[in-house]
Amino acid sequence: MALTFTEEQEQLRTTLRRFLTEKAPSAAVRRAMDSDEGHDPRLWRQMADQLGLHGIALPEEYGGFGGGAVELGIVLEETGRVLLPSPYFATVALAGQALAASNDEAAKARWLPAIADGSMTATLALAEATGSWRLADIETSAGNGTAVSGTKMFVVDGHTADLVLVVARTDTGPGLFAVDGAAPGVTRTRLETLDPTRRLARIDLDSAPAQRVGPDGDASAYLRTVLDLVAVALAAEQVGGAQACLDAAVEYAKVRVQFGRPIGSFQAVKHKCADMLVAVEGARSAAYHATAVAAEGSSELPVSAASAASCCADAFTHAAKQNIQIHGGIGYTWEHDAHLYLKRAKSSEQLFGGPATHRARLADLVGI
């Protein structure tokens, strides 16, 4: 399945790249990541009001623009390119996709309009206190379905999200439950993590009031679909970050002079740049294919999502490491952005399961 962008989709990319170049340069990213909010609230409103990005992949009947995985992938690739500190990924790519895929009309009508207009932030809480992202390892309990108890780790923007979608276990299997972030029984703690551009939280739930979202009973099939969509979205973001590393490395290799010649003329540096290009283009192909599959609602989604998740995570980390190597000493300094890309790469590499987890799942899916 091939992905060919329409004129409107290419225009979306061009407009967004111009917008982010102006509104989210390196200095602005650093200010946002050091702020109390962890992002720029004014930019959040501009993304919603001026560009309509929050509803880009949501149905029109809930205030969205009726796009899908392709449009969302374009947005995430561009925000990943600049390491945008924002609750956008958590709200739109995690919670928004989970709600949109739920076939729960009451839940969609209640929360999607607020996501679409940017008035509410949300997130998805999956990982347990053990650090496991697997549905089979869910320990958080939903009891009778009206309250949840347990601990969730590494929740993206979980310390500030207005709505938390919690994956919890019932007597019939895992399900998804909506919890108000400010509800009684909810204790949220921001975690000190590697990546300063994306905040993660621990959420302790003690009989927190909850509402079921999505199918009753064993919702494993629905949740696996949600996690596949999340994997595709994260892969798109990783491609953007990897491309930024490649661009930075190539540009530096052109202008940095050693021994009277640009370092890009040395064979060892050429090899590094060539290897980065191969990795990034391979990741882009995997991500675009998975995006096309997701947009079509194809049964190939589990395989393509697992492939993209493992490939794009590896490519981003590789590109970020090589970017630092090509920059040499300056690449290790706080003032240079290279370390921020490596930190984002290593952090996102482990979100929702690392490459090894995705490759193991891929092997199971194809019968290896």
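Values for this structure:
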{"read-out": "Test: residue in region 143-165 that is within 21 Å of the chain's Cα centre (by Cα), of a type in the set (Val, Ile, Thr) and farther than 30 Å from ASP337 by Cβ", "value": "yes"}
{"read-out": "Verdict on ALA136 being farther than 19 Å from THR225 by Cβ and either at pLDDT below 95 or in a loop (DSSP other than H, G, I, E, B) (or both)", "value": "no"}
{"read-out": "Failed condition for GLN238, given (1) out of contact with any strand residue (DSSP E or B) (no Cβ under 6 Å at 6 or more places or on another chain); (2) within 23 Å of THR91 (Cα to Cα); (3) surrounded by fewer than 23 Cβ atoms within 10 Å (Cβ to Cβ)", "value": "(3)"}
{"read-out": "Listing of helices (runs of 4 or more DSSP H) fully contained in region 1-109 that carry 1 or more residues being farther than 23 Å from CYS312 by Cβ and open to solvent by 20 Å² or more (accessible area, probe 1.4 Å)", "value": "7-23, 26-34, 41-49"}
{"read-out": "Any chance GLY131 is farther than 24 Å from GLN350 by Cα and either modelled with pLDDT under 95 or not hydrophobic (A, V, I, L, M, F, W, C) (or both)", "value": "no"}
{"read-out": "Test: residue in region 151-166 that is assigned to a strand (DSSP E or B), over 29 Å from LEU83 (Cβ atoms) and modelled with pLDDT of 95 or more", "value": "no"}
{"read-out": "Which listed residue, of SER298, SER285, is under 23 Å from the mean Cα position of the chain (by Cα), of a type in the set (Ser, Thr, Tyr) and open to solvent by 40 Å² or more (accessible area, probe 1.4 Å)", "value": "SER285"}
{"read-out": "From GLU251, GLU237, residue being touching a residue at least 40 places away in the same chain (Cβ under 8 Å), among the acidic types (Asp, Glu) and within 30 Å of LEU277 (Cα to Cα)", "value": "GLU237"}
{"read-out": "Region 207-235 - residue that is more than 25 Å from the chain's Cα centre (by Cα) and of a type outside the set (A, V, I, L, M, F, W, C) and, of those, surrounded by the fewest Cβ atoms within 10 Å (Cβ to Cβ)", "value": "GLY217"}
{"read-out": "Tally, over region 1-20, of residues that are of a type in the set (Val, Ile, Thr) and at pLDDT below 95", "value": "2"}
{"read-out": "Candidates ALA161, ALA168, ALA142, ALA147, filtered to the one that is among the hydrophobic types (A, V, I, L, M, F, W, C), open to solvent by less than 10 Å² (accessible area, probe 1.4 Å) and under 12 Å from ASP206 (Cα atoms)", "value": "ALA142"}
{"read-out": "Any hit, region 92-109, residues being basic (Lys, Arg) and under 17 Å from the mean Cα position of the chain (by Cα)", "value": "no"}
{"read-out": "Elements of type helices (runs of 4 or more DSSP H) in region 274-368, at least 1 residues being farther than 28 Å from ALA28 by Cα and free of Cβ contacts under 8 Å to residues at least 40 places away in the same chain", "value": "355-366"}
{"read-out": "Out of SER299, SER310, sole residue that is among the polar types (S, T, N, Q) and at pLDDT below 95", "value": "SER299"}
{"read-out": "Yes/no for PHE65 being touching a Leu at 6+ places or on another chain (Cβ under 9 Å) and closer than 26 Å to LEU301 by Cα", "value": "yes"}
{"read-out": "Every residue from region 301-333 that is β-branched (Val, Ile, Thr), closer than 22 Å to ALA356 by Cα and open to solvent by less than 40 Å² (accessible area, probe 1.4 Å)", "value": "THR317"}
{"read-out": "Lone qualifier among LYS270, LYS346 - being more than 18 Å from the chain's Cα centre (by Cα), among the basic types (Lys, Arg) and farther than 16 Å from VAL232 by Cα", "value": "LYS270"}
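Residue-wise test of (1) modelled with pLDDT of 95 or more; (2) more than 28 Å from VAL293 (Cβ to Cβ); (3) not in a loop (DSSP other than H, G, I, E, B).
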{"position": "ARG188", "(1), (2), (3)": "yes, yes, yes"}
{"position": "ASP218", "(1), (2), (3)": "no, no, no"}
{"position": "ALA221", "(1), (2), (3)": "yes, no, yes"}
{"position": "THR225", "(1), (2), (3)": "yes, no, yes"}
{"position": "LEU229", "(1), (2), (3)": "yes, no, yes"}
{"position": "VAL232", "(1), (2), (3)": "yes, no, yes"}
{"position": "GLY241", "(1), (2), (3)": "yes, no, yes"}
{"position": "TYR252", "(1), (2), (3)": "no, yes, yes"}
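The values are calculated or read from the model by the stated rules, or taken from the named source; none is laboratory data. Predicted, not measured: the structure shown is a model, and the values here were computed from it. Glycine also receives a Cβ, built like all others from the backbone with ideal geometry; neighbour counts cover every protein chain displayed. The area values use the complete protein model at the heavy-atom level, side chains included, leaving out ligands, DNA and RNA. Shrake-Rupley method; radii C 1.70, N 1.55, O 1.52, S 1.80 Å.
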